[in-house]
Every structure is written in C-alpha cells, then in structure tokens.
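Read through the structure below, which is laid out as structure tokens, and then see the notes.
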C-alpha cells in the first residue's frame, strides 16, 4: 500500500523518531550534542525554528516551525547525517531509526501549549528527573538555574517564546494527556490551501455498508480499520459494536494480515485484469480467496485458511472453483489436503457448475 503523503504546509509540527528496535541512539553527551549541532546546521540551510525539544536515550521529540514546506527534506537530512555519524563512531551497520519519522501538524493554540508541556515533561515521565528544567537534553534545561536557559545563545535554531510564556511548573496530569491524545488522533486536511481539521464520520456511517454474503465480513473489517485510522480508539469501536476491545484488536490484526496477503498476490500480478492499485476492500473476500486458491503458492493457501477460516474457504471453493474443469488437479489437491475428502479426479468431472446453473434458472 503506498504511503500517504505528508502534510507539509508552513506551521508548527510535533516530530518523533525512535531507534530501531527501540535501541539507544544517544550513548553519551557527545552524541546528544552532535544531534543538536546537526539540527542547528540544517536550520541555517532550511530556515526552521525549534520551540521545544527533548532527546531521550532511544527517541526524540521536536516542536518545529517550518516556513518553506520542506519538512521531509529537513528530517531526511538530519536523520541521515546523524546515522552516518553514529554508525561511524560505533562501527555499526544498518539503519539507526525504526522507520520514517512521525509528524503531526499543530492546528490549534491549545494543542501547541499542551504539547510544549508534554515534550518538556518527558524526563519526569521516564523518572529521570523530578521537575521540568532539570534534564539537560531538553530545551527547558537550565530554567531553574540563575543564568537562565542553558542552551540560549549556543544554537540559533532555538526560539524560547513559547517556553517563556507557558507555566512549566504545573504538573502534567491525566486530563491533559487525554486531551493531547485527542489532538494527535484528529485528522487534518488541506482545503483552499489551508490546513483544517477533517470532519470525522460517525461510527454509524462507517458500518452502514455491510452487505453481500462474502463482502459482509470484509466490510466490517474495512470499517474498523478506517475508523481506527481516522482517530477512533479500539475501545470506542468495541462499545459501538458491542464487542470487547480484545475482539476488535484481533479483528484489526487479522484484517491487516489479509491486506498484506492480498497485496502480495496483487503485486505478483495475480489480479492482472484489475487496476494495479485495487484494494482488498474493493475486491472483497470471495474474489481474493478464489484467486488465492487458483494461483497462490502452497504457503499462501495455508495462510489463507488460517486468516479466512476453513468454512469460508470451502464455500468459495465449492461455489467458484470446484466445478471448473481447467483446475481438476488443483481441486483434487485442495479436496484431499485441505478439506479431508477421499475422492479421485473423476469426481470433479461430474460436478455441475453451481453458478452456471443459477444463471440458467434465472434466464428460464
């Protein structure tokens, strides 16, 4: 599935990245400082400001304001340059970061203020310090010291306007954490060249399209996946569907595995007569299973039985494949290996085409 393009409009962004497998990306003071130096050099080239940062051992948080719609270029250069430094220093190979960085566009002033407190609160959350301002590798470092901000004057990228305005002595409580989570789960879209909050469908609207025998389960799975991507929690979806959160988690996990299997088949060219970008939700279970049984590798078919279940696989086989005389050898293998049927190839020569019989009845 192609990556969704990032929003890169001018404005404030919360940026997070972690070490691969959550491993440490800063081993000592030299490493922390080197990352900040690389950021500062990039700021001169790409014209951005940092309003808050916190570098933890295995991840970082940045609050950045960009003015040239170049966020991806900035972070690619920063992460790449630091990876080269780190790998050379510690004689390691391979990626340093777990993937591409995460970013959230800050669309609201309350969100902005809450985020500054959250970023600076990280060392307390990790039980490294007791108060904001005590952790050296956060922007608020030195707030409690007589000389003022620890980093002020050393890095031109830093702007203390927000930190000076916000009360950092106040405890960051659960209410604020919940509000921040709501901010971060909200979706933003570009309309009339402006970033705006995307109107979220109700859960009822997501689940209205359940129809068609073999698309019914797919439709529900697709609706669950879309609702989660649009910011609904698994708990909210579970309450609406009268299911447990564990059940929703399992459905969502299985759905993602089905999508992965479908995309593997699609990318092999098995769905050659369809658009190369067609999705699992558009195809549905029946067609996916039919093509899987006809053209999938043995291991893929085994996985299909695990994901879709024997009953559904057999229903599709009997309806769409069992009577197809072009696949007698395949049907014999499926019948014996997967459905436990003690039959010979002659059995399939006499099987009537169920779908053709239905068409004949409708036409008569």
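The values are calculated or read from the model by the stated rules, or taken from the named source; none is laboratory data. The structure presented is a predicted model; accordingly, all values stated were derived computationally and were not measured. Reconstructed Cβ throughout: ideal geometry from the backbone, glycine too, with neighbour counts over all protein chains shown.
A few notes on this one:
- Among residues of the range 147-157, those that are over 18 Å from residue 134 (Cα atoms) and either touching a residue at least 60 places away in the same chain (Cβ under 8 Å) or crowded, with 18+ Cβ neighbours inside 10 Å (or both), counted: 3
- Candidates are the residues of the range 60-85 that are surrounded by fewer than 19 Cβ atoms within 10 Å (Cβ to Cβ) and in contact with a helix residue (DSSP H, G or I) (Cβ under 8 Å, 6 or more places away or on another chain); the one that is farthest from residue 126 (Cα to Cα) is 68.
- Which numbered condition residue 33 fails, given (1) closer than 18 Å to residue 154 by Cβ; (2) touching a strand residue (DSSP E or B) at 6+ places or on another chain (Cβ under 6 Å): (2)
- Residue match in the range 187-202 (condition: within 23 Å of residue 258 (Cβ to Cβ) and either part of a loop (DSSP other than H, G, I, E, B) or modelled with pLDDT of 85 or more (or both)): yes
- Qualifying residue in the range 222-239 (condition: at pLDDT below 65 and either more than 24 Å from residue 312 (Cα to Cα) or in contact with a helix residue (DSSP H, G or I) (Cβ under 8 Å, 6 or more places away or on another chain) (or both)): no
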